[in-house]
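Input: a single structure, listed below in structure tokens.
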Amino acid sequence: MKVNKLLFLTVFFPIWCLAETSAVRHLPATYIPGRTVTISIDVVVEETSVYGVIVKEQIPADWTMVETMVNPSYSAFDPVERIYKWLKFSQSRVSSFTISYALNVPLTASGNYQFSGQILTNINPYGSEISGDNTLLVGRGDIDGNSAVDISDVILCLRMAIKLDEPDIEKADIDNDGIVDISDVILILRISIGLL
Ligand SMILES: [Ca+2]
Ligand SMILES: [Ca+2]
């Protein structure tokens, strides 16, 4: 009997505690101003008595939703709070699903952006935080820091590659091999003309 209780407490009780609906966000590693980023949120429904799920996600100021690909029952945007809400409900039980959405990044975007959101269910109406990725870093290639990757950056990278300027590894080493050379110039050129 004691062994059974111990087994319950050490094995089944933690599993029961963990068995709640959760959401995990996936962000791309970086963004480029003026482009779109695609973000997904995996909603894992563990309980059998979940018939309503609300996912709330705060969108950075001036970023706009260009598309959201999901089959929720309903979605809405609160422009004051800048919160996008997806609602999924079912008469029997909601099963796990993935929300995917794309945001247009304004040309004025700079620095890193934090994402935050909550998931609420009929069992957990106060909600819990969406876990997973929450920081979106500014993309490499914007060497002069004007929030766009354009021909000026290509020229600056070229100057570094031919050793006219000191290499700026953090901004100009696009392929991440520790040096700034002609490969990075070509990559920045491709980004600047929209091929990457
Ligand atoms: Ca630039
Ligand atoms: Ca490189």
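Cut-off is 10 Å between beta-carbons; in what order do Arg140, Arg25 appear when sorted fewest neighbours first?
Going from sparsest to densest Cβ surroundings: Arg25, Arg140.
With each pseudo-label sitting 7 Å past Cα toward Cβ, what's the Asp177-Leu107 distance in nm, one decimal?
For Asp177 paired with Leu107, the spin-label model returns 3.3 nm.
List the longest stretch of the chain that has no exposed loop site; here a site is one of the GluC sites (Glu not before Pro) assigned by DSSP to anything other than H, G, I, E or B, with at most 15 other Cβ within 10 Å.
The segment 82-196 is the longest one with no such site.
Between 0 and 90 degrees, rounded to the nearest ten: what's the tilt of helix 182-192 against the longest Cα principal axis of the chain?
Taking the Cα atoms of the chain, the angle to 182-192 is about 70 degrees.
What area, in nm² and to one decimal, does the C-alpha convex hull of the chain cast on average over all directions?
About 15.3 nm², averaged over all directions.
Please list the non-local residues whose amide H lies under 5 Å from the amide H of Ser96, H modeled 1.01 Å from N, same-chain partners needing a gap of 5 or more.
Val45
Among rounded, prolate and oblate, which fits region 141-192 when a ≥ b ≥ c are the square roots of the eigenvalues of its C-alpha gyration tensor, a/c under 1.5 means rounded, and a/b larger than b/c means prolate?
Rounded, since a/c falls under 1.5.
As a footprinting exposure proxy, order Met65, Met160 by other Cβ within 10 Å, with the fewest listed first.
Ranking Met65, Met160 by Cβ neighbours within 10 Å, fewest first, gives Met65, Met160.
Can you work out the Karplus-derived ³J(HN,Hα) for every residue in region 118-127? Use 6.51 cos²θ - 1.76 cosθ + 1.60 with θ = phi - 60°, whole Hz, and x for glycine or proline.
For region 118-127, the Karplus curve yields 10, 10, 10, 9, 5, 7, 10, x, 7, x Hz.
Using a Förster radius of 45 Å, what is the FRET efficiency between Ile123 and Ile169 based on their Cβ-Cβ separation? Nearest 0.05, please.
0.35
Go ahead and run the numbers for FRET between Thr135 and Thr36, Cβ-Cβ distance against an R0 of 22 Å, rounding to 0.05.
Result of the calculation: an efficiency of 0.75.
Ignoring everything except DSSP H segments at least 4 long, calculate the 222 nm mean residue ellipticity for the chain; use -39,500 (n - 2.57) per segment, divide by total residues, nearest 500.
-5000 deg cm²/dmol
Readers should treat all values here as calculations from the given coordinates under stated rules, not as data from a laboratory. Note that the structure is predicted; figures quoted are calculated from it, not measured. Backbone-built Cβ (ideal geometry, glycine too); neighbour counts: all protein chains shown.
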